[in-house]
Amino acid sequence: MVKTDEEWRAELDPDQYRVLRAGRTERPFSGANVHPSSSSGAFVCAGCGAELFAASTQFDSGTGWPSFADAVDGAVELHRDFTMVIPRIEVKCRRCGGHLGHVFRDGPGPTGKRYCINNAALGAP
């Protein structure tokens, strides 16, 4: 999905643009989806609507960001991120390339992963 910067700015609110297109991170505990709900369905990309995370994989990590044990098959791309002192793995939407957050290896089994995702990057199920 290719859009100009002007198109993204027109379609996204300022917080969504900062996260999805500029790769920023929102403040912890600032979003509505931090704590799991009883919702079913899937969280989608706020930029393009692609299904990213099943609501059933969300868990409360205590970090202040929505956390998921796994992503929908083929929905995300992982990239090495060297913007901090310690290298991390960045999570991007496969369809639009939007920055979603990072994945860490301290999540619950069986994946052992914690997809730490910015609330502004998500559309709720």
> Do we find that SER56 is hydroxyl-bearing (Ser, Thr, Tyr), part of a loop (DSSP other than H, G, I, E, B) and over 21 Å from GLN16 (Cα atoms) in this structure?
Replying inline: no
> Within the stretch 3-36, can you find the residues that are touching a residue at least 40 places away in the same chain (Cβ under 8 Å) and in a helix (DSSP H, G or I)?
Replying inline: ASP15, GLN16, ARG18, VAL19, LEU20
> Within the stretch 42-80, can you find the residues that are acidic (Asp, Glu) and under 21 Å from LEU12 (Cβ atoms)?
Replying inline: GLU51, GLU77
> Restricting attention to the stretch 60-89, which residues are at pLDDT below 95 and either aromatic (Phe, Trp, Tyr) or touching a helix residue (DSSP H, G or I) at 6+ places or on another chain (Cβ under 6 Å) (or both)?
Replying inline: PHE82
> Out of all the residues in the stretch 84-120, which are outside any strand (DSSP E or B) and free of Cβ contacts under 8 Å to residues at least 40 places away in the same chain?
Replying inline: MET84, VAL85, ILE86, PRO87, ARG105, ASP106, GLY109, PRO110, GLY112
> Picking from ASP5, ASP60, ASP13, which residue would you name as being closer than 14 Å to CYS116 by Cα, exposed (fewer than 14 other Cβ atoms within 10 Å of the Cβ) and among the acidic types (Asp, Glu)?
Replying inline: ASP60
>> Which count do you get for residues in the stretch 38-57 that are of a type outside the set (A, V, I, L, M, F, W, C), touching a residue at least 60 places away in the same chain (Cβ under 8 Å) and open to solvent by 20 Å² or more (accessible area, probe 1.4 Å)?
In response: 4
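The values are calculated or read from the model by the stated rules, or taken from the named source; none is laboratory data. Because the structure is predicted, anything quoted here is derived from the model rather than measured. Every residue, glycine among them, receives a Cβ derived from its backbone with ideal geometry; neighbour counts consider all protein chains shown. All accessible areas refer to the heavy atoms of the entire protein, side chains included, with ligands and DNA or RNA removed. Shrake-Rupley method; radii C 1.70, N 1.55, O 1.52, S 1.80 Å.
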